[in-house]
Amino acid sequence: MGIRNGLKIGVKIWPDKADYALEIAEHVDFIEIMARRGGDFSFLQDIDLPFVIHAEHGGQGVNYADITNRGASNESIKLALELADRINARVIVAHSGFLDSTPNTSPENVTEFLKGIKDSRIVVENLVFREPMGGKVVSYPFSTPEQMKALLEATGKGMCLDLSHTNVTASFMGADYMEMLNRFMELRPRHFHACGGVAGKPDDLHLHVWEGTLDIAAFKRMLPKGAWVTLETPTDLEGQLRDIEVMRA
């Protein structure tokens, strides 16, 4: 599969979507599986495709930025690493964590935690500038190209570039998301996430790539030959088949 420049297209699957994973598998080049604690991953043995792992994040009670969250963070990344070994995953996508109003969270905690993971498969995803979570607004300390560059240099990790997150961050900052994408590309991302959204709107909408106003064609032109791109779009077969068609065109 893949288009002329060798682009590889995958979809993100949660472990409770086994039936859908088996259905969509014949249409994609790889599967990105969410390594959720307590999940049943036995269905992956029936999929003859390469895999990418996505480690848990704030939505699953994990926060690398919180020193008091080390127990959950360690359990979570341990599962991701073990699952990656079991299914021979290419990369493990991780979120850097978020800051809240407590003194327990800091960017330094993120750097320390990631430096402690001695695995070259880890790639850190750029996140949104800030968002509501649990009744409060949290911020992400490594959402800009400059911040991400500093984190990658300090930890020796690679990067996952998320199209929608870039748009959200640029929107909060009053910047152009395409220009910000170009700056992120200078960091030589090893993996990519894509979905649709509305240019200039600070919301991570996870629309189909053919919905909204993000310039998918321009994004594809930025991608290096052989790039692996995970679609983080709604898991309906008709919609994702159209997503795949757009990405392969």
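The values are calculated or read from the model by the stated rules, or taken from the named source; none is laboratory data. Source: prediction; values computed, not measured. Every residue, glycine as well, gets a Cβ built from its backbone with ideal geometry; the counts of neighbours run over all protein chains shown.
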Inside segment 55-76, can you point out the residues that are closer than 20 Å to HIS193 by Cα and out of contact with any helix residue (DSSP H, G or I) (no Cβ under 8 Å at 6 or more places or on another chain)? HIS57, GLY58, GLY59
Looking only at helices (runs of 4 or more DSSP H) that lie completely in segment 144-249, which have at least 2 residues being of a type in the set (S, T, N, Q)? 145-155, 163-173
Here are VAL52, VAL11, VAL62: which of them is touching an Asp or Glu at 6+ places or on another chain (Cβ under 8 Å) and either more than 27 Å from PHE142 (Cβ to Cβ) or in a loop (DSSP other than H, G, I, E, B) (or both)? VAL62
Selection count where residues are touching a Pro at 6+ places or on another chain (Cβ under 8 Å) and more than 24 Å from ILE244 (Cβ to Cβ), scope segment 25-52: 3
Counting just the residues of segment 91-131 that are part of a helix (DSSP H, G or I) and among the aliphatic types (A, V, I, L, M), which one comes out farthest from SER143 (Cα to Cα)? LEU114
Please go through segment 55-89 and give me each residue that is under 20 Å from MET159 (Cα atoms) and at pLDDT below 95, ordered by number. GLY58
Subset tally (residues that are charged (D, E, K, R), more than 18 Å from PRO202 (Cβ to Cβ) and surrounded by fewer than 19 Cβ atoms within 10 Å (Cβ to Cβ)) for segment 136-179: 3
I'd like to check something: does segment 36-47 contain any residue that is touching a strand residue (DSSP E or B) at 6+ places or on another chain (Cβ under 6 Å) and either among the charged types (D, E, K, R) or crowded, with 21+ Cβ neighbours inside 10 Å (or both)? no
